[in-house]
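Colleague: Before I ask anything, here is the structure I am working with.
The values are calculated or read from the model by the stated rules, or taken from the named source; none is laboratory data. These numbers were taken from a predicted model, which means no experiment stands behind them. Positions of Cβ are generated from backbone atoms using ideal geometry, with glycine treated the same way; all protein chains shown enter the neighbour counts.
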Amino acid sequence: MKTAVVIFPGSNCDRDVIHSVRDTLGCEVESVWHREERLPEETDLVILPGGFSYGDYLRSGAMAARSPVMGAVKEHAGRGGLLLGICNGFQILTESRLLPGVLLPNKTLSFICRPCFLSVENTETPFTGLFRKGQVVQFPIAHGDGLFFLPADELDDLENRGGAVFRYVSPRGDSGDEWNPNGSVNNIAGIVNPRGNILGLMPHPERAGEAILGGEDGRLFWRSVASFLEKGGRRHGLQ
Amino acid sequence: MDFSKYGIKKEEFAAAEAALGREPNECELRILGVMWSEHCSYKSTKHLLKHFPTRGPKVVLGPGENAGIVDLGDGLGAAFKAESHNHPSAVAPYQGAATGVGGIIRDILALGARPVASMDGLFFGDPEHPRTGHLSAGIVKGVGDYGNAVGVPTIGGKTAYDPCYNENPLLNAFCIGLVELDMIVSSQTARPGQLVVLLGSKTGRDGIAGAAFASVELSEDAKESRPSIQIGDPFAEKMLIEACLELKEKNLIVSMQDMGAAGITSSSSEVAAKSGVGMKLHFDRVPLRAADMEPWEIALSESQERMLLIVEPGNMDEVSSVARKWELDCAVIGETEEGDDYSIFFHGEKVASLPATLIGDGCPPIHWPAEKPADFETRWDFDLDGLPVPGDWNTALLTLLGNPSMAPKHWIFEQYDSMVQLNTVMGPGHPVSVLRIKGRESLIALVLDADPWKCGLDPFGGGAETVARTVRTLSVAGAESLGLTDCLNFPSPEVPGQYWALEECIRGMAAACEALCCPVVSGNVSLYNETKSGAILPTPVVGTVGLIPSSGDFLPSGAWEEGDVLFLVGPCNPSLAGSGYIRSLGLPLRGRPLVFSGEAERDFSERAVRTARKKAARSGRALTGGGLAAALAKDAAESGSGARIALGVPTRKDVVLFGEGGARALYSVPMSRVPLFKTIWSGYPCLELGRAGGDILSVEGAFSLEVSRLREIWRNR
């Protein structure tokens, strides 16, 4: 499995995600600077990491969505290649219109960093194949603009096609406002596109990759991708 | 010449004149006015700081550089320092705090270290005071927004509330970075014939002479000082960090210095003086943000996110290309030369020429008159018999836990990214913060603490207690203390009683450092923390760094299990003076805190480290604010377990439960480890308190509370 992590000026989880993928899978991870206009050959998975790309001064993710590297990223995704956006990466995906919706300021209007519980709602994606449906996992969040919003009709479409992959829940899997840290509609923490190859989520699977840091649920995320690719789901493997 | 308008005293003007053999010109006076301000020159405290022990087997770099460095073993060092940003935070809380964080990160970066974690010391006024909400919210958001964006996790800190900080809140920022010992960058290694390079943001009119502003009391019209406040840009800082580390990796830097207080002048003259070279600077080559800036404005601008580099001429092209990659301005603004002359040119004209050593070291020291306040000992009068034992113990404990200084700080630390960089083993909200070092067994443990109330009652004892408390907490966690950094936050030194308290505090801290073999490797002093409405309590803040050999040697807190035996180690005669309990009752600050014993502290710390490393306990917590009662409540809440406690001592129960001070800790010990635990603590006061288990935390003859209630309060859930 060949992974490329895009580094925008202001990305700050790039090293973390590289560490986590390497540590879990022992595989090759390359970094791609935002000015590059091509991805490394044979890239299977592109990751847009967390951080504050270009300082997030205009709107979270807005500048990065228009950066030189995004042409190649879109092309990769257009071919069916796997594309993952974590936190700021998710914001970049919605700003690029690669995923629907928008990420608004948290309901508290403040930055929130804490562990969160998520239920895995859709295990039919390349990123979640090894999870059990309804499994509760713990990934931390760390964001100021994480309130996922979609207008009602688009939200129905998303839900009807199983596009909501992760939801904020209690440790026992119950939903409730007190378990939804940022006010996202339908407690949505992560979504996938209709084709299934582009996933964005606000919580950080790379921060849940080692017991010494508080949890290992995130390893299953990377293993799911590896397993999907091993089973033949390559760049063109998705319809 | 009217030198007073530049903040220069008569004897200082005379000293400058004598050194130069002529009258300094206006530009030079402005430079000296800032460089010889209290904030930059330490003229009132330099001689006092000599009390601190600064050497030790683990000290690689002591005070004098941008930060201190301790040895973590196997060629790796931890660079760390704490710095105050009090005055700016009082006037512009958000920007003041943000740039405080940015400044300390650059101090660490200047040594070639990658900043890996921050902590913050926050001191706010009475929560009921009309300004406290605005100031505390702004400061917390400032710390968070900057640290979060830069990608340096904020993993712990100390927050306290007291009316003495109503108008003068304190913001102390701590940062730690990692550096290979053979890759340390120094500010003392410039040689003649090298280039002086300015890297980072453009220079503007922001923060001009901010250091001078920080060296006087905050005035009524402090809002007028807004132009003295710097504006932070964490995005630029992130670029600066990556660029500097890349330059270091490629061996392109001879010497580096961060640009903080007094901007270009301070950083460049320090490099020149420390390296023993002269310097010629051309200010028309400085990239400017504002047109038509005067040379003295360029000299003293405190625009943020800038570094000064010394570069070999042959490497300049490569340095420029790294700067371009990170989209930073990079300009050669001068060159080093033989000698001691520090000259500034502007469009070919020499506008200032001073000996480099005069700028940093030439300010005559000030020995302010120190005098013990006449009423000092009457502060120690405290009529314990006049204090009734609580009628309702449950309420007494809940009131204590609800005291803002004691209450959980989730509202603060959840605004901080505490996990980025993937090293945080133990984040905020715990007695110690713990970082792993990737690829190594050992862990770094950190504590930041302060106790202004004890320092107010007994500056010597309070200073010693502050240092000792950080070391105790580290020892209980299984960490060997390697060194500490301090921020000395005090009011004006010009009041004899206040200067006396400053000196006593320093002497007390030094005594504890000596006794515990924990040297001071870096720090800063912030004086004049007072306004028309009063002076702050003496507030030395101490950040101590320790090493735990492996994750198995780390002893956590709040991990009781059913059936564990609970022990209190340490004397049963703590003091209520200045305690959280007395404050929660709204009683005045009176009484005498426990007298410091270096011998007992050393004994305690050795046994505590052994307890952790021999796995003789399951959980441990050094007693701090709120004493035994708070420790029991916090541990019970964290563990989700109750306990039945009986205090088999004749001392008044409120004193035993709520008293503070001294080398004491609460341990939970599995039955099978009790003999080993008792052996380790034999010869030291050790009292069996009872057993952990059940849903209720009860102390016979005192409180009895459901654990779920304590969890609600303590865990904020």
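Colleague: So which of B:A92, B:A149 ends up being in contact (Cβ under 8 Å) with a residue 24 or more places away in the chain and surrounded by fewer than 24 Cβ atoms within 10 Å (Cβ to Cβ)? Break it down into steps so the answer makes sense when it comes.
Modeller: Working: B:A149 fails: surrounded by fewer than 24 Cβ atoms within 10 Å (Cβ to Cβ).
B:A92 is the lone residue from the list that is in contact (Cβ under 8 Å) with a residue 24 or more places away in the chain and surrounded by fewer than 24 Cβ atoms within 10 Å (Cβ to Cβ).
Colleague: I'd like the full set of residues that are at positive phi and in contact (Cβ under 8 Å) with a residue 40 or more places away in the chain, limited to region B:14-55. Break it down into steps so the answer makes sense when it comes.
Modeller: To start, the set of residues in region B:14-55 that are at positive phi comprises B:21, B:42.
Matches in region B:14-55: B:Y42 only.
Colleague: Can I ask one more? For region B:523-563, give me each residue that is in contact with an Asp or Glu (Cβ under 9 Å, 6 or more places away or on another chain) and at positive phi.
Modeller: B:G523, B:Y528, B:G534, B:G558
Colleague: Being under 28 Å from A:L220 (Cβ atoms), within 10 Å of chain B (Cβ to nearest Cβ) and without any contact (Cβ under 8 Å) to a residue 60 or more places away in the chain narrows it down to one of A:G61, A:G26, A:G55, A:G51, so name that one. Explain how you work it out, then say what you get.
Modeller: Numbers: A:G61 fails: within 10 Å of chain B (Cβ to nearest Cβ); A:G26 fails: within 10 Å of chain B (Cβ to nearest Cβ); A:G55 fails: under 28 Å from A:L220 (Cβ atoms).
Being under 28 Å from A:L220 (Cβ atoms), within 10 Å of chain B (Cβ to nearest Cβ) and without any contact (Cβ under 8 Å) to a residue 60 or more places away in the chain holds for just one of A:G61, A:G26, A:G55, A:G51, which is A:G51.
Colleague: OK, next. Would you check if there is a residue in region B:395-405 being closer than 20 Å to B:A631 by Cα, surrounded by 18 or more Cβ atoms within 10 Å (Cβ to Cβ) and under 21 Å from the mean Cα position of the chain (by Cα)?
Modeller: yes
Colleague: With respect to the numbered conditions (1) within 14 Å of chain A (Cβ to nearest Cβ); (2) of a type outside the set (D, E, K, R); (3) surrounded by fewer than 24 Cβ atoms within 10 Å (Cβ to Cβ), which one is the sole condition not fulfilled by B:H129?
Modeller: Unmet for B:H129, out of (1) within 14 Å of chain A (Cβ to nearest Cβ); (2) of a type outside the set (D, E, K, R); (3) surrounded by fewer than 24 Cβ atoms within 10 Å (Cβ to Cβ): (1).
Colleague: Please work out which one of (1) part of a loop (DSSP other than H, G, I, E, B); (2) over 20 Å from B:N25 (Cβ atoms) is the condition B:M293 fails and give its number.
Modeller: Failing condition for B:M293: (2).
Colleague: Search region A:202-223 for residues that are of a type in the set (A, V, I, L, M) and pair each with any residue that is part of a helix (DSSP H, G or I) when their beta-carbon atoms are under 7 Å apart and the residues are at least 6 apart or on different chains.
Modeller: Going by the 7 Å Cβ cut-off, the qualifying pairs are A:M202/A:F90; A:A208/A:D217; A:A208/A:G218; A:I212/B:S551; A:L213/A:R207.
Colleague: Could you tell me which of the residues B:G147, B:G151 is on the phi > 0 side of the Ramachandran plot and within 11 Å of chain A (Cβ to nearest Cβ)?
Modeller: B:G151
Colleague: May I ask you to verify whether A:I212 is β-branched (V, I, T) and surrounded by 24 or more Cβ atoms within 10 Å (Cβ to Cβ)? Steps first, answer last, please.
Modeller: On the way: β-branched (V, I, T): yes; surrounded by 24 or more Cβ atoms within 10 Å (Cβ to Cβ): no.
Against the criterion (β-branched (V, I, T) and surrounded by 24 or more Cβ atoms within 10 Å (Cβ to Cβ)), A:I212 does not qualify.
Colleague: Take the residues in region A:83-110 that are within 14 Å of chain B (Cβ to nearest Cβ) and among the hydrophobic types (A, V, I, L, M, F, W, C), then tell me which one is farthest from A:S11 (Cα to Cα).
Modeller: A:L109
Colleague: Restricting attention to region A:29-48, report how many residues are of a type in the set (A, V, I, L, M, F, W, C), over 18 Å from the mean Cα position of the chain (by Cα) and away from chain B (no Cβ under 14 Å). First the steps, then the outcome.
Modeller: Of region A:29-48, the ones of a type in the set (A, V, I, L, M, F, W, C) are A:29, A:32-33, A:39, A:45-48.
Subset that is over 18 Å from the mean Cα position of the chain (by Cα): A:33, A:39.
Still in the list and also away from chain B (no Cβ under 14 Å): A:39.
Residues that pass the stated criteria total 1.
Colleague: Name every residue in region B:526-541 that is buried (at least 23 other Cβ atoms within 10 Å of the Cβ) and in contact with a Cys (Cβ under 8 Å, 6 or more places away or on another chain), in order of residue number.
Modeller: B:S526, B:I536, B:L537, B:P538, B:T539, B:P540, B:V541
Colleague: Could I ask something else about it? Looking at B:G210, is it touching a Leu at 6+ places or on another chain (Cβ under 9 Å), more than 14 Å from chain A (Cβ to nearest Cβ) and either at pLDDT 80 or above or crowded, with 24+ Cβ neighbours inside 10 Å (or both)? Before the answer, list the steps.
Modeller: Details: touching a Leu at 6+ places or on another chain (Cβ under 9 Å): yes; more than 14 Å from chain A (Cβ to nearest Cβ): yes; either at pLDDT 80 or above or crowded, with 24+ Cβ neighbours inside 10 Å (or both): yes.
When the stated conditions are applied, B:G210 passes them.
Colleague: Another question about this same structure. Got at least one residue in region B:317-327 being surrounded by 15 or more Cβ atoms within 10 Å (Cβ to Cβ), touching a Ser or Thr at 6+ places or on another chain (Cβ under 8 Å) and at pLDDT 95 or above?
Modeller: no
Colleague: Which condition number in (1) assigned to a helix (DSSP H, G or I); (2) surrounded by fewer than 24 Cβ atoms within 10 Å (Cβ to Cβ) is the one that B:V101 fails?
Modeller: Every listed condition holds for B:V101 apart from (2).
Colleague: Here's a follow-up. Take region B:308-341 and flag every residue that is part of a strand (DSSP E or B) and more than 16 Å from B:L195 (Cβ to Cβ). Can you show your working first?
Modeller: Within region B:308-341, the subset part of a strand (DSSP E or B) is B:308-311, B:329-337, B:341.
Residue satisfying the conditions is B:D341 alone.
Colleague: Answer yes or no: is there a residue in region A:191-208 that is closer than 13 Å to A:S119 by Cβ, more than 14 Å from chain B (Cβ to nearest Cβ) and not acidic (D, E).
Modeller: Start the filter on region A:191-208 by keeping residues that are closer than 13 Å to A:S119 by Cβ, which leaves A:201, A:203.
From the residues that got through so far, the ones that are more than 14 Å from chain B (Cβ to nearest Cβ) too are A:201.
Filter once more, so that each one left must be not acidic (D, E): A:201.
Within region A:191-208, one or more residues are closer than 13 Å to A:S119 by Cβ, more than 14 Å from chain B (Cβ to nearest Cβ) and not acidic (D, E).
Colleague: Could I ask something else about it? Which condition number does B:P593 fail, the rest of (1) in a helix (DSSP H, G or I); (2) in contact with an Asp or Glu (Cβ under 9 Å, 6 or more places away or on another chain) being met?
Modeller: Among (1) in a helix (DSSP H, G or I); (2) in contact with an Asp or Glu (Cβ under 9 Å, 6 or more places away or on another chain), B:P593 violates only (1).
Colleague: Another question about this same structure. Within region B:410-428, how many residues turn out to be at pLDDT 95 or above and more than 7 Å from every other protein chain (Cβ to nearest Cβ)? First the steps, then the outcome.
Modeller: Filtering region B:410-428 down to residues at pLDDT 95 or above leaves B:412-428.
With more than 7 Å from every other protein chain (Cβ to nearest Cβ) added as a condition, the list becomes B:412-413, B:423, B:426-428.
Qualifying residue count, region B:410-428: 6.
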